[in-house]
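K.L.:
Structure incoming, see below.
The values are calculated or read from the model by the stated rules, or taken from the named source; none is laboratory data. Please read these numbers as outputs of a predicted model, since none were measured by experiment. Here the Cβ positions follow ideal geometry from the backbone for every residue, glycine too, while neighbour counts run over all protein chains shown.
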Amino acid sequence: MLSFESDYVNGAHPEVLKALIDTNDEVISGYGNDRFWNSAAQKIRTACACEQAQVYFLTGGTQTNQVVISTLLRPYEGVIAATTGHVNGHEAGAIEYSGHKVLTLPHHDGCIDADELRAYIQAFYADGSHDHMVFPGMVYISHPTEYGTLYTKEQLTAISAVCREYDIPLFLDGARLGYGLMSPDTDVTLPDLAQLCDVFYIGGTKVGALCGEAVVFTRGNMPKQFATMVKQHGAMLAKGRLTGVQFDALFTDDLYQRIGAHAIRMAQLLKAAFAEKGYEFFLQSPTNQQFVILDNDTLKRLQGQVKFSVWEPLDEHRTVARFVTSWSTREEDIAALRVLI
């Protein structure tokens, strides 16, 4: 069966897997005290043009979001996110479980607006009872967003300015960052993120790794005893080599960029295939997630032949379906899909 279900349903990219196999017999100290972890961290600092960056590797997006948010926030603070933000809708309450409320803003194709963010914070402090409320202590965004859309550099600069005005950190979820960076529609680079964000992460799980995310604290602002708190959250790997080796491979010979570029090219072919057959799109995504409107009869027919995600009902007769490409998507997969649709 064809699969466009997600970008983490295959194993690792062959070059990542080869790196794991080639280093398998090497005796390496645990918990990230190894040369691969250090090498990967330095390659990321160089790629971000941010030599002062502190890099820490975690195993997955949920662990990363929860650990970063809970260690940077004070007990009385919450995190601002779009209503569609991953931490609001798809983390099983992991943020709230750590004792911090998610404070929501309206979304615009998945993005938040800097003026609305400023207005939210201003209204909070204008309320005479704000000492009895959850303080806005951080802003969370993702790039790409849940809808595969992207922030422009201008938008990120405006949001960053609001965060600095109120002295709260800007945290960017980069679970699919590789696809955002390689989209032809973007004007945002890793060095831009290092300048505009206080902390962000470079996703590996959805961009060619078996697992792993690289957290980048850009201003020497990694919380004190961060590793200790990672362990308290149950998010520390004894075999830290697993993430170190993979990210060392991803940031060698531009593999991370090559993976992203391939998936974007496949997504454009997929989008063209649907467009040629007259299908409409829920929105225009420039990344590896494409949201196609299917009538319910077509939806049921395709479900027997293709794996994809049912995103949301559009009306009584139509449904939004998500098709995702990755490093493993082949042109022949797109050709086979074109026949079925």
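K.L.:
Are any of the residues in segment 175-187 in the same structural domain as N65 (by TED's automatic domain parsing), touching a Lys or Arg at 6+ places or on another chain (Cβ under 6 Å), surrounded by fewer than 24 Cβ atoms within 10 Å (Cβ to Cβ) and in contact (Cβ under 8 Å) with a residue 24 or more places away in the chain?
P.N.:
So far as segment 175-187 goes, yes, one or more of its residues are in the same structural domain as N65 (by TED's automatic domain parsing), touching a Lys or Arg at 6+ places or on another chain (Cβ under 6 Å), surrounded by fewer than 24 Cβ atoms within 10 Å (Cβ to Cβ) and in contact (Cβ under 8 Å) with a residue 24 or more places away in the chain.
K.L.:
Of the numbered conditions (1) of a type in the set (G, A, S); (2) part of a loop (DSSP other than H, G, I, E, B); (3) crowded, with 16+ Cβ neighbours inside 10 Å, G234 fails exactly one; give the number of that condition.
P.N.:
(3)
K.L.:
Additional query: If the requirement is being closer than 27 Å to T189 by Cα, within 19 Å of the chain's Cα centre (by Cα) and either among the polar types (S, T, N, Q) or modelled with pLDDT of 95 or more (or both), which of these qualifies: D115, D109?
P.N.:
That would be D109, the only listed residue that is closer than 27 Å to T189 by Cα, within 19 Å of the chain's Cα centre (by Cα) and either among the polar types (S, T, N, Q) or modelled with pLDDT of 95 or more (or both).
K.L.:
Mind listing just one residue for me: the one in segment 135-164 that is outside any helix (DSSP H, G or I) and more than 19 Å from the chain's Cα centre (by Cα) and, of those, farthest from Q289 (Cα to Cα)?
P.N.:
Ranking the qualifying residues of segment 135-164, first place goes to F135.
K.L.:
Just one of Q268, Q257, Q246 is out of contact with any helix residue (DSSP H, G or I) (no Cβ under 8 Å at 6 or more places or on another chain), surrounded by 15 or more Cβ atoms within 10 Å (Cβ to Cβ) and not in a loop (DSSP other than H, G, I, E, B); which is it?
P.N.:
Q268
K.L.:
Is there any pair with a first residue in segment 201-215 that is outside the structural domain of A47 (by TED's automatic domain parsing) and a second that is part of a loop (DSSP other than H, G, I, E, B) and not small (G, A, S) whose Cβ atoms are under 7 Å apart and which are 6 or more apart or on different chains, and what are they?
P.N.:
none
K.L.:
Additional query: Yes or no: segment 242-254 includes at least one residue that is charged (D, E, K, R), at pLDDT 95 or above and more than 25 Å from T23 (Cα to Cα).
P.N.:
Taking every residue of segment 242-254 in turn, none turns out to be charged (D, E, K, R), at pLDDT 95 or above and more than 25 Å from T23 (Cα to Cα).
K.L.:
Go through segment 7-27 residue by residue and tally those that are in a loop (DSSP other than H, G, I, E, B) and crowded, with 18+ Cβ neighbours inside 10 Å.
P.N.:
So the answer is 4.
K.L.:
Let me ask something else about it. Exactly one of (1) buried (at least 24 other Cβ atoms within 10 Å of the Cβ); (2) in a helix (DSSP H, G or I) is unmet by A194. Its number?
P.N.:
Only one criterion is unmet by A194, namely (1).
K.L.:
From the list R74, R45, which one is basic (K, R), surrounded by fewer than 20 Cβ atoms within 10 Å (Cβ to Cβ) and in a loop (DSSP other than H, G, I, E, B)?
P.N.:
The match here is R74.
K.L.:
So in segment 77-102, with the set limited to residues that are in contact (Cβ under 8 Å) with a residue 24 or more places away in the chain and more than 19 Å from the chain's Cα centre (by Cα), which one is surrounded by the most Cβ atoms within 10 Å (Cβ to Cβ)?
P.N.:
Ranking the qualifying residues of segment 77-102, first place goes to H100.
K.L.:
Further question on the same structure: Answer yes or no as to whether V68 is of a type in the set (A, V, I, L, M) and farther than 30 Å from F308 by Cβ.
P.N.:
In short, yes.
K.L.:
Would you confirm whether or not segment 254-266 contains a residue that is within 19 Å of Y140 (Cβ to Cβ) and of a type in the set (F, W, Y)?
P.N.:
no
K.L.:
Please enumerate the residues belonging to segment 297-320 that are closer than 19 Å to I334 by Cβ, of a type in the set (S, T, Y) and in contact with a strand residue (DSSP E or B) (Cβ under 7 Å, 6 or more places away or on another chain).
P.N.:
S309 - this is the single residue of segment 297-320 that is closer than 19 Å to I334 by Cβ, of a type in the set (S, T, Y) and in contact with a strand residue (DSSP E or B) (Cβ under 7 Å, 6 or more places away or on another chain).
K.L.:
Moving on. Here are the criteria: (1) surrounded by fewer than 19 Cβ atoms within 10 Å (Cβ to Cβ); (2) in a helix (DSSP H, G or I). Tell me which single one E312 does not satisfy.
P.N.:
Looking at each condition in turn, E312 falls short on (2).
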